[in-house]
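For reference, the structure discussed in these notes is given below.
The values are calculated or read from the model by the stated rules, or taken from the named source; none is laboratory data. The structure displayed is predicted, hence computed values, not measured ones. Every residue, glycine among them, receives a Cβ derived from its backbone with ideal geometry; neighbour counts consider all protein chains shown.
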């Protein structure tokens, strides 16, 4: 897998510290590192950090200490880490530092289609754009060389199709961990005040200039030699692999020259311009924003995103790329079948403890406003229990806004939901802010003990660290109390009666009496966590079922469905995980445990 | 050169099959590139993955280029039919009967006989390996599954594979 190849590259380059916050499509990089650390007996330090900003800062500190370091995240994670990133490029690094940011054109599993190469441009730092897993592995070593030569953090920007593609790759032996020597104090650089920042900015500009002159990655290489100057294609990264296959498979495209650039920023502008000048027309195909295109000054013979030829949103699939090339040479797009995809929506697992929390939230806080957050539990939308999803931790800040903006006469209850990992990531400042500013709402903290959506990574409350060694678990209850919260209860979401009673007390506290933020921790481990004991009980629907559909519409359990032929509600024993919550949910008492 | 699209629902073990086919083909010395679905869709949503064996750089199968469409859920077949080439073969996990274009196997039913409906993916792969033109032989897949170090997983997968192989109806058109 591309992410495994990247991890391998990190190990092979002699990196000593790697940090990450999980996020699709980047999570498997640190996971692979933890596996190999064990298998190879490698002494690399690994951590799942509390968020991307901290992950960046830990890796940056390690670099200043002289070690090679790596930090990995998804692209929206870079928004969180942008503060240290944009400052670090001015200050520079000591040990090589590679920042790996996975982009998600589509988007398949993200809030935006933002292009991290643009962030590199904003930060004035180099970015490498691999087209395949094999190339990503090789680029990591090169990224460390560049980072140390120019003393800047270097970004590797793999797209989803690199991260989640598998390919056979060639492995090399790891080199010994390199060490740039102990930290040397120099406050005019490492703690620079604005006066010195100006000089550092000038220094950074010089580095970029030197890079574009000296490094081959900043210039283009001819990936496919055509026979005509009618059209040149300039491409980069993951989408260039589609271009490459199309040129080989479609004889009418074989005549065009295809150029690729491995470092889209900073590009050698003269090299780019000369391609444009030497062809009748040049087409730029890149994902997801026009980073290469904007570095070409004379765009009169250029087509791409800025000219409107390449779609400005959505993944550039092979079909889109084929039609874009056809249009560039004045031909009609291919006629393709009209594909109507009836995609099955994802759903919380059968037995997911979040499902019972959401069911009760809807039941007790009827007609409320439900700010939601990012994780598996965004799927609470299926149950009408999540009204908003903005970014990590936003449920709590937005809940405050909802309560402060409400008119006296119509005050719908506000109930925010957040997972444990997201709470640690960005929820804590928002909670302190809500308490301090006297917002009054309910916060349901759904604590399943892991970062579930991305594969069950540890959180700061876990007893184990990324590599399985013993950590210091942080007490969530103590944390919430320290935020100033006076109403805190912990319940098992499988326990219908206790869950209902706790939600009702919270309603009284935050809604009826407006006494402030009440927090309910609904605690039960994710059913996918290794070692979690699931019940072998299975359930069945009795003949007295009145088909009220509460279990299907309101509980939305994927194990329960309505069978049209028999006009009856059925429970699929293969899908069911035995939680038994549906027994309490059924208003007719028609669901019962099977006697085995 | 061979291109396969696999489809189904999140949780059916499509990523497992994708990885297995890739590993076995790599062990044969072939070049492989594949694309998978991860993230939110794996919570029971529609899933597909692509496997391309041969000299490819792109991991995505283009529309109309797949030699095989292996569908673990009959409701997902239509969502992915456009990947199939003319005269391509569909293998579908379904209780219905086979046709000239679509070979069907009740993989879920057979896997349930083994006591684990989740083995439907390997049962289906067993059947796939008997289809003419499939890039991996039954024996290569058997060897691949034997590499699993977990005793029980290995045994169950091998049983499921044999069940899929045995289900091949000799009277197919």
Next on the checklist: So, in segment B:24-50, how many residues would count as being at the interface with chain A (Cβ under 7 Å from one of its Cβ atoms) and touching a strand residue (DSSP E or B) at 6+ places or on another chain (Cβ under 9 Å)?
Outcome noted: 11
Next on the checklist: Just to be sure I understand, how many residues within segment A:293-331 are more than 14 Å from chain B (Cβ to nearest Cβ), in a loop (DSSP other than H, G, I, E, B) and in contact with a helix residue (DSSP H, G or I) (Cβ under 7 Å, 6 or more places away or on another chain)?
Outcome noted: 10
Item to check | Hits in segment A:62-93 (condition: more than 30 Å from residue A:315 (Cβ to Cβ) and crowded, with 24+ Cβ neighbours inside 10 Å) | outcome: A:62, A:63, A:68, A:69, A:93
Checklist entry - Restricted to segment A:109-119, and to residues that are in contact with a helix residue (DSSP H, G or I) (Cβ under 6 Å, 6 or more places away or on another chain) and not in a loop (DSSP other than H, G, I, E, B), which residue is nearest to the other protein chains (Cβ to nearest Cβ)? => result A:116
Checklist outcome for this item: Subset of segment A:250-270, residues over 34 Å from the mean Cα position of the chain (by Cα) and surrounded by fewer than 20 Cβ atoms within 10 Å (Cβ to Cβ), comes to A:250, A:251, A:252, A:254, A:255, A:270
Checklist outcome for this item: Exactly one of A:517, A:585 is assigned by TED's automatic domain parsing to the domain that holds residue A:492, surrounded by 17 or more Cβ atoms within 10 Å (Cβ to Cβ) and in contact (Cβ under 8 Å) with a residue 24 or more places away in the chain, and that one is A:517
Next on the checklist: Out of B:49, B:58, I need the residue that is under 28 Å from residue A:347 (Cβ atoms) and modelled with pLDDT of 95 or more. Which one?
Outcome noted: B:49
Checklist entry - Can you tell me how many residues in segment A:340-381 are within 14 Å of another protein chain (Cβ to nearest Cβ), surrounded by fewer than 17 Cβ atoms within 10 Å (Cβ to Cβ) and touching a residue at least 12 places away in the same chain (Cβ under 8 Å)? => result 1
Checklist outcome for this item: For segment A:143-172, the count of residues that are part of a loop (DSSP other than H, G, I, E, B), within 14 Å of chain B (Cβ to nearest Cβ) and crowded, with 24+ Cβ neighbours inside 10 Å equals 2
Checklist entry - Given the conditions (1) under 25 Å from residue B:58 (Cβ atoms); (2) buried (at least 19 other Cβ atoms within 10 Å of the Cβ), and given that residue A:313 satisfies all but one, which numbered condition is not satisfied? => result (2)
Item to check | helices (runs of 4 or more DSSP H) contained in segment A:1-108 and holding at least 1 residues more than 24 Å from residue A:165 (Cβ to Cβ) | outcome: A:28-40, A:52-64, A:75-91
Item to check | Meets criteria (in contact with a strand residue (DSSP E or B) (Cβ under 6 Å, 6 or more places away or on another chain), in contact (Cβ under 8 Å) with a residue 60 or more places away in the chain and within 19 Å of residue A:316 (Cα to Cα)) for residue A:233 | outcome: yes
Item to check | Evaluation of residue B:148 against (1) surrounded by 19 or more Cβ atoms within 10 Å (Cβ to Cβ); (2) under 16 Å from residue B:18 (Cα atoms) (one fails), failing number | outcome: (1)
Item to check | Scope segment A:557-576; condition part of a loop (DSSP other than H, G, I, E, B) and surrounded by 20 or more Cβ atoms within 10 Å (Cβ to Cβ); matching residues | outcome: A:557, A:558, A:559, A:576
Checklist entry - For residues in segment B:105-128 being farther than 14 Å from residue B:73 by Cα and surrounded by fewer than 22 Cβ atoms within 10 Å (Cβ to Cβ), which is nearest to the other protein chains (Cβ to nearest Cβ)? => result B:112
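Here are B:53, B:21: which of them is surrounded by 24 or more Cβ atoms within 10 Å (Cβ to Cβ), more than 9 Å from chain A (Cβ to nearest Cβ), on the phi < 0 side of the Ramachandran plot and touching a residue at least 60 places away in the same chain (Cβ under 8 Å)?
B:21
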Checklist outcome for this item: Taking segment B:64-78 and the residues there that are crowded, with 20+ Cβ neighbours inside 10 Å and at the interface with chain A (Cβ under 9 Å from one of its Cβ atoms), the one that is nearest to residue A:246 (Cα to Cα) would be B:76
